[in-house]
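Take a look at the structure set out below.
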Amino acid sequence: MSYRPSRSTPRLRECRNRPATGLFSQLRAVVWGLRGVGYRAATGRVPGALSSLRNLLGMRTSAAHLAVKSLVVAGTAAIVALFVGAGAAQAAPAEGAIANANAAGAIKDSYIVTLKDGVTGGRALAARFGATVDTELATGFTATLSEKAAKRLAADPAVAGVEQDRQVALTAAATQAGATWGLDRIDQPNLPLTGAYTYPNTAANVTAYVVDTGVRLNHAEFAGRATSGYDFIDKDADAGDCQGHGTHVAGTVAGSTYGVAKAAKIVAVRVLNCQGSGSYSAIIAGVDWVTKNAKKPAVVNMSLGGTTSAALDAAVKKSIAAGITYAVAAGNENKNACTVSPARTAEAITVGATDSADRRASFSNYGSCVDLFAPGVGILSSTRNSTTSTGKMSGTSMATPHVAGAIAVYLSGHPTATPAQVRDALVNGATAGKVTDPKGSPNKLLNITTF
């Protein structure tokens, strides 16, 4: 029997011999195939196209029908996949998490962006998300942008993390009567006090950076040794003190009468305002400034802190990696210091406070993140009121500069020591077992006579 093409054969051959191009051609082929399959299902007869295909392929009707049906199903799946892919391409952009979003003290539309190691071009990256870069940091940048854009930025593969900027404030310092005793305590292992302070050197070759409310530079305690680094509140080079906290801290670090390191140079880095508060971004900018500008041997005193901030911790770690030793306050909330930044930074020396009876101060934070304790209750030092004014304050803010001064004394005799070596020297040389109620902290009390 000779082959006689049916009316539909040219169409089948056309589809077979001419490659389908474009979405329309694919749809046409699938629709045509579906019509053939539907025709057989409705009539029980094989349409002309299937009959011709059977003849062309030498198949039985059922086999030909099955082949075409498989072809149609596969084609339909391909088209569905095509549309699903198109839908996915139009899906909402990926979003990442924002640390400390809307936490207490959160600053609206202000974010701290930490980039992954080796990533550069922060401004270009920020521009892609409509962000305005406020400050470039050693680990990234701070920027102003919407919460939605910040979430999208957080999902970018170049970004290690995004956290909302927040306000941070000093813990109110208490004033109490009583004689100065802090210096006397750190030069002897045991009580009672002797009424004298003996020290190995004056640390004249060391620079102490006070990251705080600023410093009254012309105070008599500093005798011309205090200079201004930078003011990240007013954005100028005058880091004077309108609050008083920083001047008191500086006096304990390096005051001629009340200081541990009596001839060290002081550089004021202002990151907190006249009310004793500021933003994490300003503090990070201050740390970055020290990292770039420090004259070594150098020590940094940070008598401040707040809730955890990965960005602040990273900035401090980077600065320490650059060879600068940090003394940081454990905090005054009577809680675990491992929940506070930068107190939880392992590379820094974290300081808790004791009173004159060697008791852990009732306010002092505690725990495994504390490295050692130092006097922090009723500490007499310089104040900002005049060039000769003094006052007493309490807090881990007052304990920390005792340690910063001790670091300066150690660095004076060991100017090439690394931050890790400095930490080991202070911790290993501290008096053990004297602190009452350390509450899970290492029972170590600062002692400079072992240097």
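The values are calculated or read from the model by the stated rules, or taken from the named source; none is laboratory data. A quick note: this is a predicted structure, and the numbers were derived from the prediction, not measured. Please note: Cβ atoms are built from the backbone with ideal geometry, for glycine as well, and neighbour counts cover all protein chains shown.
Give me a count of the residues in the stretch 206-242 that are touching a residue at least 60 places away in the same chain (Cβ under 8 Å) and touching a Leu at 6+ places or on another chain (Cβ under 8 Å).
Number satisfying all stated conditions: 4.
Of the numbered conditions (1) on the phi < 0 side of the Ramachandran plot; (2) at pLDDT 95 or above; (3) in a strand (DSSP E or B), Leu125 fails exactly one; give the number of that condition.
Against the list (1) on the phi < 0 side of the Ramachandran plot; (2) at pLDDT 95 or above; (3) in a strand (DSSP E or B), Leu125 comes up short only on (3).
Kindly check whether there is at least one residue in the stretch 254-265 that is in contact with a strand residue (DSSP E or B) (Cβ under 8 Å, 6 or more places away or on another chain) and either surrounded by fewer than 19 Cβ atoms within 10 Å (Cβ to Cβ) or of a type in the set (Val, Ile, Thr) (or both).
no
Tell me the residue from Tyr410, Tyr366 that is under 25 Å from the mean Cα position of the chain (by Cα), over 25 Å from Cys242 (Cβ atoms) and aromatic (Phe, Trp, Tyr), please.
Tyr366
For the stretch 344-354, how many residues are of a type in the set (Val, Ile, Thr) and in contact (Cβ under 8 Å) with a residue 40 or more places away in the chain?
Of the residues in the stretch 344-354, 3 are of a type in the set (Val, Ile, Thr) and in contact (Cβ under 8 Å) with a residue 40 or more places away in the chain.
Among the residues that make up the stretch 226-238, is at least one of them in contact with a Ser or Thr (Cβ under 7 Å, 6 or more places away or on another chain) and either assigned by TED's automatic domain parsing to the domain that holds Ala294 or crowded, with 24+ Cβ neighbours inside 10 Å (or both)?
The answer is yes; a qualifying residue exists.
Among the residues of the stretch 208-234, which ones are in a loop (DSSP other than H, G, I, E, B) and of a type in the set (D, E, K, R)?
Those that are in a loop (DSSP other than H, G, I, E, B) and of a type in the set (D, E, K, R): Arg216, Glu221, Arg225, Asp234.
Kindly indicate whether any position in the stretch 195-213 is over 28 Å from Val427 (Cβ atoms) and within 22 Å of the chain's Cα centre (by Cα).
Yes - at least one qualifying residue is present in the stretch 195-213.
Of all the residues that make up the stretch 298-313, how many are more than 30 Å from Ala204 (Cβ to Cβ) and in a strand (DSSP E or B)?
Going through the stretch 298-313 one residue at a time, the tally reaches 2.
So which of Ala327, Ala357 is under 23 Å from the mean Cα position of the chain (by Cα) and in contact (Cβ under 8 Å) with a residue 24 or more places away in the chain?
None of the other options fit; the residue is Ala327.
Is at least one residue of the stretch 286-297 in contact with a helix residue (DSSP H, G or I) (Cβ under 8 Å, 6 or more places away or on another chain), farther than 17 Å from Met393 by Cα, part of a helix (DSSP H, G or I) and aliphatic (A, V, I, L, M)?
yes
Output the residues belonging to the stretch 235-282 that are outside any loop (DSSP other than H, G, I, E, B) and of a type in the set (A, V, I, L, M, F, W, C).
Val249, Ala250, Val253, Ala254, Ile266, Val267, Ala268, Val269, Ala282
Looking at (1) outside any loop (DSSP other than H, G, I, E, B); (2) surrounded by 21 or more Cβ atoms within 10 Å (Cβ to Cβ), which one does Asp424 not meet, given that it meets all the others?
(2)
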